Each structure stands twice: as structure tokens, then as C-alpha cells.
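Here is the structure we will look at.
The values are calculated or read from the model by the stated rules, or taken from the named source; none is laboratory data. Keep in mind that this is a model prediction, so the values were computed, not measured. Heads up, the Cβs are rebuilt from the backbone with ideal geometry, glycines too, and the neighbour counts pull from every protein chain shown. For the accessible areas, the whole protein counts, side chains as well, though only heavy atoms, and no ligand, DNA or RNA atoms are used. Shrake-Rupley method; radii C 1.70, N 1.55, O 1.52, S 1.80 Å.
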Amino acid sequence: MGRSLVLNATYEPLGVVSARRAVVLVLSDKAEIIHHNGEEFRSERLHLPVPSVIRLRYFVRVPYQRRAPLSRRAVFLRDGGRCQYCGKRAESIDHVVPRSRGGEHVWENVVAACSRCNSTKRDHMLDETRLRLRRLPEAPRHLNWVVVAVGQVPEHWEPYLVGPAA
Ligand SMILES: [Zn+2]
């Protein structure tokens, strides 16, 4: 059934849930449908448009700036699948400061890399090699975690994802 974008009562995007979960939230009156994708959820007693965007009827306090979970897939998405040293197609993940030299496994220290640059770099610090980063790695900001979560954002989600945040 696909996925649904969940908005806070304030229309701030909160996360992504399965469309089935979104249906449950709507049926239990915890959320309203803001946008549906034209398909229908059918059961014996019920026809409901499949929600693509829902808004909670109550306000959820977001206790911290949400940080996208770090994964290989997420790093590849952030870096456009390109080696951050040479721009070729990335095949692996490189720790800028090697783990053996105390580098952490965090967004700011992990980049997508091709196997050639990765084997050049190995356990070296950057300035011990000829490699240079094309840009500094950062954690995906606020809204990009949605992109990271789903891989690709449906077009009609976009109006809800731009705004004051970031
Ligand atoms: Zn490379």
C-alpha cells in the first residue's frame, strides 16, 4: 500500500509510516487525511482513500533535532552515489579519519568512496595522501531525513517538506 508522510498538528513533517499504519491513525481519529493517492483501502465494512499525507490531530513535541540514522544506504544517498574524493561511482564507505586512528562512525566522518580511493586511503589521514574531499560531509539536515527514509520523495509530499525548518 505504500507509505504515508505524517505531519504534526502544526504541519511540520514528523516521519514516514506505512500507509496501513496511517489508515489506523485515521480510523482511530488520531489523524486526518491531508492528501490521498487515489487508491482505496477496502475491507468488508469500509472504503477509505489510502492516505498519502496525514496530519495528527494532536501536537507532538519533538524533543531533539532528529538525526537521520547512519547507514551505508543513507550515506550513498547523501553523496549521490559518488566517491567524495574523485567523483567516480562509489562502491564503499570510507572513514575520513580512519577508525584505527580514532575516527568515529558518524555522519561527519563517513563518505561514499570508490574502491580505488578507498584502497589508496586505507589507514591514512587525508593529509598523508593526495586525496581531497570534494565537500565536507554533514549529517543530512532536518528534512532530508525524509528523503533518507524513503529513498525518493513523492512529488505531492514536497509542499509539506519545504518551509521554515532546516
Ligand atoms: Zn574515488
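So which residues in segment 68-90 are over 30 Å from residue 13 (Cα atoms) and more than 9 Å from the ligand (Cβ to nearest atom)? Show your work before the answer.
Residues of segment 68-90 over 30 Å from residue 13 (Cα atoms): 83, 85-90.
Answer for segment 68-90, where residues must be over 30 Å from residue 13 (Cα atoms) and more than 9 Å from the ligand (Cβ to nearest atom): there is none.
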> Is there any pair with a first residue in segment 103-125 that is under 14 Å from residue 76 (Cα atoms) and a second that is acidic (Asp, Glu) and open to solvent by less than 60 Å² (accessible area, probe 1.4 Å) whose Cβ atoms are under 8 Å apart and which are 6 or more apart or on different chains, and what are they?
Replying inline: 110/94; 111/79; 111/94; 112/79; 112/94; 113/94
>> Take the conditions touching a residue at least 60 places away in the same chain (Cβ under 8 Å) and either buried (at least 19 other Cβ atoms within 10 Å of the Cβ) or in contact with a Ser or Thr (Cβ under 9 Å, 6 or more places away or on another chain) (or both) and apply them to residue 74. Does it pass?
In response: yes
> Looking at (1) assigned to a helix (DSSP H, G or I); (2) surrounded by 15 or more Cβ atoms within 10 Å (Cβ to Cβ); (3) out of contact with any Cys (no Cβ under 6 Å at 6 or more places or on another chain), which is the one condition that is false for residue 34?
Replying inline: (1)
> Looking only at segment 102-138, which residues are touching a strand residue (DSSP E or B) at 6+ places or on another chain (Cβ under 9 Å), open to solvent by 40 Å² or more (accessible area, probe 1.4 Å) and not in a loop (DSSP other than H, G, I, E, B)?
Replying inline: 115
> Just one of 53, 97, 26 is aliphatic (A, V, I, L, M) and either assigned to a strand (DSSP E or B) or within 16 Å of the ligand (Cβ to nearest atom) (or both); which is it?
Replying inline: 53
> Which condition breaks for residue 41 when tested against (1) within 26 Å of residue 140 (Cα to Cα); (2) at pLDDT below 85?
Replying inline: (1)
> Only one of (1) more than 14 Å from the ligand (Cβ to nearest atom); (2) under 26 Å from residue 14 (Cα atoms); (3) open to solvent by less than 70 Å² (accessible area, probe 1.4 Å) fails for residue 59. Which number is that?
Replying inline: (3)
> Which residues, taken from segment 2-19, are surrounded by fewer than 15 Cβ atoms within 10 Å (Cβ to Cβ) and on the phi < 0 side of the Ramachandran plot?
Replying inline: 9, 10, 18
